[in-house]
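See structure below.
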Number of protein chains: 2
Amino acid sequence: MTTTFDDEYFMKKALQEAEAAYEKGEVPVGAVVVIGDRIIARAHNLTETLTDVTAHAEMQAITSASGFIGGKYLKGCTLYVTLEPCQMCAGALYWSQISRVVFGAEDTDRGFRAMGASLHPKTILKKGVMAGEAAGLLQQFFRKKRPRH
Amino acid sequence: MTTTFDDEYFMKKALQEAEAAYEKGEVPVGAVVVIGDRIIARAHNLTETLTDVTAHAEMQAITSASGFIGGKYLKGCTLYVTLEPCQMCAGALYWSQISRVVFGAEDTDRGFRAMGASLHPKTILKKGVMAGEAAGLLQQFFRKKRPRH
């Protein structure tokens, strides 16, 4: 059996990160950064654990990928993230000049597009990869967190 | 002689941080976070030193202030920053629900307002405090960095 390194493959890795966040009681969002077929950074949301609003999965993945590369620009890289980035994360991705961003579930409320923020003009955006799985995990988290009673 | 703890006083402290960035060859932007008359976080841009586009002065100041408070929300706090925040930093300030943001020089190119990003609706914005000093330091930095020859 050969492995197909496509967008679904890498989004599954991001979903594994989201599941790790879920297990810690964090809003389950995960991200990986990829060059070619190689994952160079993995991260999940840690805002509660670190008591820090800046600890979104994407922010940590950007910092980690830059550390791996030894440069602050992520040209040639793709970020896979389970939820549409917020304006903070879109802003960080803007500065990184990352080549491609692939996200799962849309965030029509706090997503960067709804908030009016922008990715870098050179960044290619793809949305909706395994969106159902990503959204399902988020719904499960918030149902558990805010029970109806 | 009594000290007046006004916006100019705290912006001068942010400018001292910007000067520290300048000395390190970093784009000179500095920030402090204040509760009442007390500075609880000081930071300056370290994107080159840390090889990390997320290392803006405001991002570090938010993380540091949250660590001091022991909570991720910065209600009751004011951030003073020498340059208008970018969309990444505005996004982080949005999540922090900070009470007040005071900036010095406007950034008509990459500032959060030009980019379409938003602060939290509860955040009060004041601009132009010691703008000349902040802009002057930036101009001096870029003149030195990009000599005309």
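Every number in this text was worked out from the coordinates using simple rules, so none of it is lab data. Predicted model, so just to flag it, every value in this text is computed and none were measured. Cβ sites come from the backbone with ideal geometry, for glycine too, and all protein chains shown count toward neighbours.
Using only the Cα atoms, what convex hull volume per residue in Å³ does chain A have?
117 Å³
Quick check: the distance between the Cα centres of region A:89-149 and region B:1-80, to the nearest angstrom?
With region A:89-149 and region B:1-80 each reduced to a Cα centre, they are spaced 29 Å.
How far, in nm to one decimal, is B:Thr4 from itself in the other copies if the label point is set 7 angstrom along Cα toward Cβ? Shortest first, please.
For B:Thr4, the other copies' label points sit at 7.0 nm, shortest first.
Per DSSP H run of n ≥ 4, the term is -39500 (n - 2.57); total these for chain B, divide by its residue number, and report the mean residue ellipticity at 222 nm rounded to 500 deg cm²/dmol.
That calculation yields -12000 deg cm²/dmol at 222 nm.
Kirkwood Rh and Cα-based Rg: tell me the resulting Rg over Rh for region B:51-104, rounded to two decimals.
Here the Rg-to-Rh quotient is 0.93.
Copy-to-copy spacing for B:Thr51, label 7 Å out on the Cα-to-C-beta vector, in nm, shortest first?
Once sorted, the set of distances for B:Thr51 reads 3.1 nm.
Just want to confirm a number: the relative contact order over chain B, from Cα pairs under 8 angstrom separated by 6+ residues, in percent.
Relative CO of chain B lands at 20 percent.
By DSSP, what percent of the beta bridges with both residues in the protein assembly as shown are antiparallel, rounded to the nearest 5?
55 percent
Considering only A:Leu138, A:Leu125, A:Leu83, give the residue with the highest GNM mean-square fluctuation for chain A, with springs between Cα atoms whenever their separation is below 10 Å.
Sorting by GNM fluctuation, first place goes to A:Leu125.
Springs between alpha-carbon atoms under 10 Å, Gaussian network over chain A: tell me which of A:Gln87, A:Gln16, A:Gln139 tops the mean-square fluctuations.
A:Gln139
Can you pick out the pairs among A:Lys75/B:Lys145; B:Lys72/B:Lys127; B:Lys12/B:Lys72; B:Lys122/B:Lys144 whose Cα atoms lie more than 30 Å from each other? List each step's numbers first, then the result.
On the way: A:Lys75/B:Lys145 24 Å; B:Lys72/B:Lys127 25 Å; B:Lys12/B:Lys72 26 Å; B:Lys122/B:Lys144 39 Å.
With Cα atoms farther than 30 Å apart: B:Lys122/B:Lys144.
Is region B:1-84 rounded, prolate or oblate when judged by the Cα gyration tensor, a ≥ b ≥ c being the square roots of its eigenvalues, rounded requiring a/c under 1.5 and prolate requiring a/b larger than b/c?
Note, shape of region B:1-84 comes out oblate.
Under a 10 Å cutoff between Cα atoms, tell me which one of A:Arg110, A:Arg42, A:Arg100 has the largest fluctuation in the Gaussian network model of chain A.
Residue with maximal mean-square fluctuation among A:Arg110, A:Arg42, A:Arg100: A:Arg110.
Any aspartates and glutamates with Cα under 12 Å of the A:Lys24 Cα? List them, leaving off those in the same chain fewer than 8 positions away.
The reachable aspartates and glutamates, counting only those whose Cα sits under 12 Å from A:Lys24, are A:Glu48.
Can you name the residue in chain B whose Cβ lies closest to the B-to-A rotation axis, and give that gap in whole Å?
Of all Cβ atoms in chain B, the one nearest the axis gives B:Gly116, 2.
Which of B:Met59, A:Met130 has the fewest other C-beta atoms within 10 Å, and how do the rest follow up to the most?
A:Met130, B:Met59
Out of the DSSP beta bridges found with both residues in region B:1-110, what percent are antiparallel (nearest 5)?
70 percent
What is the helix-to-structure angle for B:131-145, meaning the angle in degrees between its Cα long axis and the longest Cα principal axis of chain B, kept from 0 to 90 and rounded to the nearest 10?
That works out to roughly 40 degrees.
Return one number: the angle in degrees, 0 to 90 and rounded to the nearest 10, between the long axis of the Cα atoms of helix B:87-96 and the longest principal axis of the Cα atoms of chain B.
Helix B:87-96 sits at roughly 20 degrees to that axis.
Neighbour counts of other C-beta atoms within 10 Å: give me A:Ile40, A:Ile98 arranged from fewest to most.
Fewest-to-most ranking of A:Ile40, A:Ile98: A:Ile40, A:Ile98.
Using Cα atoms only, what is the angle between the long axis of helix B:57-69 and the major principal axis of chain B, expressed in degrees (0 to 90) to the nearest 10?
It works out to around 30 degrees.
Rg to Rh for the protein assembly as shown: what is it, with Cα atoms only and Rh by Kirkwood?
Ratio value, two decimals: 1.00.
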